[in-house]
Every structure is written in C-alpha cells, then in structure tokens.
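In what follows, a structure is listed as structure tokens, so that the remarks can point back to it.
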Amino acid sequence: AQTVTQSQPEMSVQEAETVTLSCTYDTSESDYYLFWYKQPPSRQMILVIRQEAYKQQNATENRFSVNFQKAAKSFSLKISDSQLGDAAMYFCAYRSSRAGANNLFFGTGTRLTVIP
Amino acid sequence: EPEVTQTPSHQVTQMGQEVILRCVPISNHLYFYWYRQILGQKVEFLVSFYNNEISEKSEIFDDQFSVERPDGSNFTLKIRSTKLEDSAMYFCASRGDSYEQYFGPGTRLTVT
C-alpha cells in the first residue's frame, strides 16, 4: 500500500505570513493524484487543492499553492498571507489512478496554528 | 453548492449494539466511500461502493461492517455489534466523474 508521510506534527505561522507544510509519499506508480485536505475544529474534511501527477505545473488555488516534485515524491503546501481561519489540521492524501483503486491514503496530519 | 450530508452528527451506543450511520451523497455522484478517524489519528479508508456493490475494502472492514444503498439517495454503514474500539469519527465521501472526493461533515460514534 502507498504511504504518505507528514513529518511536521505541528506548525505555527504569524498572521499574514507564509507557511509551508511538507508531505512525502511512497509509490511505484507513475500516474496518481495528490490532495491537501483541511480539517478545522468542526472536523469536517475540506478539499483545499489537488494535483495530477502527469501535470508538471504546480496547482494553485488563491492563497494556496503546491510544490510538486515528482522525482523526489514530495508534495508540499504553501499558504500565503495566512489568516486566522486557516488554523486547522492539514492532511496530505494520495490516490492511485488505477481503475478500481479509488480510496485515498492519508498522512498523519499537521496541526497549523495561526498567531494573531 | 451541492454537499454530502450525514446523520446523525453524534451517536452514542452501548457495546454490542448495532448502529447505522447514514449519508446522502451528492446527487449525481456514482462512487461512494466510508472512512473513519479515531481521535488524534489519521483518516483511514474503510470501503468504496460503486454500481450497487463494494468495489474495494480495507482490512478494517470486517464482517461486523456492511454498506448499503437502500434507495437512490442514501448510503448507509452498519456496524452489527459495536466494540469500544469502533469509537471514531466516520466520514462519508462521494465522487462523480472527476477524481475528487467530497466529504460529509462526519458522524461521531461513541461506544460505551
């Protein structure tokens, strides 16, 4: 099974500053999908950003962007201009592109604190 | 914007009792999933469901678990005889033609 590793259990950032959350994964597949999910205190899982492995261009969604390094199997999330509402657990997830292999593999998460 | 809904938001049950967790996926989605998250741990895949049958399941999804799509809108997870270690947050997710899974708000299951 694929493994997803988030080596930073906790991170903090000053409001309006930029923070980068790390994620690495292990796979023998060449085509797959990667995601970042946000889980606020309400515990709902909210999709933040997604990346297809076949795309070289890094995905961007407003203040959220990724640094996808396929050879290094690294998928970090950058949050710019951090806001208090960004405080949450962030989970990196992997999904195979194989037919029938639909499930997501999650990392252990990074708790982000935003300091006013 | 369409969203996945789950009921109840919190369920308390006694060990050995049966529970049914309910989900209403996004209406035009075809793929359905259950995940669980034990407090303080990562989210783990339980089962995926497509075309009225299980397409994939994890080791966690043993004979105590079952899923059903009883009508055109609901997707349920049944735990036949709950154990203390079944206490967790249970998330339903659905997917349409794209590869993105959309999660519901979760059901917190507490087994006493």
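The values are calculated or read from the model by the stated rules, or taken from the named source; none is laboratory data. Note that the coordinates shown come from a computational prediction; the quantities given were computed from them, not determined experimentally. What goes into the accessible areas is simple: the full protein's heavy atoms, side chains included, and nothing from ligands, DNA or RNA. Shrake-Rupley method; radii C 1.70, N 1.55, O 1.52, S 1.80 Å.
Summarised as an ellipsoid, the range B:5-111 has semi-axes of 22, 14, 13 Å, derived from the eigenvalues of the Cα gyration tensor scaled by 5 and square-rooted, with the largest first.
Over chain B, accessible surface divided per residue gives 51 Å², non-protein components excluded, 1.4 Å probe.
For B:LYS83, the lysines whose Cα comes closer than 22 Å to its Cα, not counting residues fewer than 8 places off in the same chain, are B:LYS42, B:LYS57. Computed from phi, the 3J(HN,Hα) profile of the range B:11-22 under the Karplus parametrisation 6.51, -1.76, 1.60 (θ = phi - 60°) reads 10, 10, 9, 8, 3, x, 7, 8, 10, 10, 9, 10 Hz, with x in place of Gly and Pro. Averaging the inverse of every distinct alpha carbon separation and then flipping it gives the Kirkwood radius. What is it for chain A, in angstrom units? Kirkwood hydrodynamic radius for chain A: 14.3 Å. With the whole protein complex present, B:LYS78 retains an accessible surface near 60 Å², based on a 1.4 Å probe.
Carbon and sulfur atoms: what percent of the 1.4 Å accessible area of the protein assembly as shown do they account for? Could you put the intermediate results ahead of the total?
Details: 5010 of 11120 Å².
Of all accessible area on the protein assembly as shown, carbon and sulfur atoms account for 45 percent.
For chain B, a Gaussian network of Cα nodes joined below 10 Å ranks B:PHE91, B:PHE32, B:PHE45 by mean-square fluctuation, and the top entry is B:PHE45.
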